[in-house]
Amino acid sequence: MEILHYPVMHEQVLDYLAFEDDSDKVLIDCTTGEGGHSALFLEKYPNLKVIGLDRDSEIQKKAKERFCAYGSRFTPVNTWFDDYLANAESQSADRILFDLGISIFHYQESGRGFSFHSDEKLDMRLDKNQTFDAADVVNSYGEEELADVIYRYGEERYSRRIARAIVQERSIKKIETASELENVIFHCVPKEYRFGRISPATRTFQALRIEVNRELDRIEPALKDAIRVLRPGGRIAVITFHSLEDRIVKWFFKNEEKDNSTIRILTKKPVLPSKKEEEENAPSRSAKLRVVEKI
């Protein structure tokens with residue numbers, strides 16, 4: 001079994017979520033993926049129990065295989081983290097970790113069109129039982145609605161131009177693959193935008209993924225329930241990878257500390273990856289870590 005995902009800021013996460021005594025302690029890994037962060041905690045703390053959540057059953061198979069030797073110390077649950085936390089028992093966990101990034105697995109192995117470098121079908125679902133996918137957004141949304149999604153979730157300045165080009169293209173032929181969509185975007189934006197620091201399709205693909213999986217809608221309700229689920233003195237750590245996620249986390253924690261006094265913010269400024277990690281793992285460059293403790 002090949003493990004592709006590199007656990008971002010693992011040293012900082014281990015430090016902020018450390019245990020003095022791991023007896024009867026529970027960590028909820030809300031975005032387990034291939035199990036990078038969970039593996040570190042299971043190895044370091046021999047009495048710790050980890051509940052590993054993931055909506056994607058395919059990537060969860062890797063975590064199950066990876067942790068089979070840990071027996072009852074690792075409990076996989078195939079679910080969205082906001083759904084799980086909404087129904088979890090109050091004061092039942094000591095640490096809760098959110099790593100909101102999409103795994104390398106999804107870009108390289110899933111076959112669901114997360115990468116615009118592929119000929120894969122436009123899908124982008126984390127829950128394969130869901131009927132609504134990225135092709136539905138691209139081929140059925142009205143031009144204005146599509147432009148709004150691309151602008152709101154991708155912060156794409158050429159959202160109107162891209163939406164117009166998509167609608168024109170799909171009137172001739174349905175856009176079915178990631179590479180077909182990338183080609184439409186590439187040829188509709190200004191020439192100087194085509195060869196910038198990132199591909200001109202990057203922001204649109206991010207927006208579609210967020211729309212399909214309702215990623216941003218899940219964050220605040222999950223954080224609210226996470227505080228309830230924590231035992232006093234417990235901690236929540238959240239790793240974000242773009243400004244839309246980080247803004248939600250930042251202001252939720254600030255307001256919760258100020259208005260409800262249920263938490264204490266331990267990271268007044270977000271923790272960033274080291275220069276060494278940025279060099280070794282390029283996706284970590286945009287990562288930010290925020291940590292709070294329940295009062």
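Read the figures in this text as sums done on the coordinates, not as results from a lab. All of these numbers come straight from a predicted model, not from anything done at the bench. Virtual Cβ from ideal backbone geometry, glycine too; neighbours counted across all protein chains shown.
For segment 124-184, what does the relative contact order come out to in percent, with C-alpha contacts under 8 Å and a separation of six or more?
This gives 28 percent for segment 124-184.
Using only the alpha-carbon atoms, how far is helix 178-188 inclined from the longest principal axis of the chain? Give it as 0 to 90 degrees, nearest 10.
Value to nearest ten degrees: 60.
Restricting to Cα pairs below 8 Å that are 6+ residues apart, what does the relative contact order work out to for the chain? Please round to a whole percent.
19
Trypsin sites (Lys or Arg not before Pro), restricted to segment 233-295: which are DSSP loop and have at most 15 other Cβ atoms within 10 Å?
268
Connecting C-alpha atoms closer than 10 Å in a GNM of the chain, tell me which of 35, 113, 196 has the biggest fluctuation.
196
Compute the longest continuous run of the chain that contains no exposed GluC sites (Glu not before Pro); treat a site as exposed when its DSSP state is not H, G, I, E or B and it has at most 13 other Cβ atoms within 10 Å.
90-295
What is the diffusion coefficient of the chain in µm²/s, taking the Kirkwood radius over Cα pairs and the Stokes-Einstein relation at 10 °C with a viscosity of 1.306 mPa s?
79
Which shape class, rounded, prolate or oblate, goes with segment 85-215 when its Cα gyration tensor gives a ≥ b ≥ c as root eigenvalues, a/c under 1.5 marks rounded, and past that a/b bigger than b/c marks prolate?
Prolate is the answer for segment 85-215, as a/c is 1.5 or above and a/b outweighs b/c.
Give, as ranges by residue number, the residues of segment 267-295 whose backbone N falls under 15 Å from the point 7 Å along Cα→Cβ of residue 260.
292-295
Can you tell me, using C-alpha contacts under 8 Å and at least 6 residues apart, the relative contact order of segment 1-151 as a whole percent?
Result for segment 1-151 is 21 percent.
How tilted is helix 143-154 with respect to the longest principal axis of the chain? Cα atoms for both, answer in degrees (0 to 90, nearest 10).
40
Can you run phi through the Karplus equation (6.51, -1.76, 1.60; θ = phi - 60°) for segment 58-68 and list ³J(HN,Hα) in whole Hz, with x for Gly and Pro?
Result, ordered by residue: 5, 6, 5, 4, 5, 5, 4, 5, 5, 10, 4 Hz.
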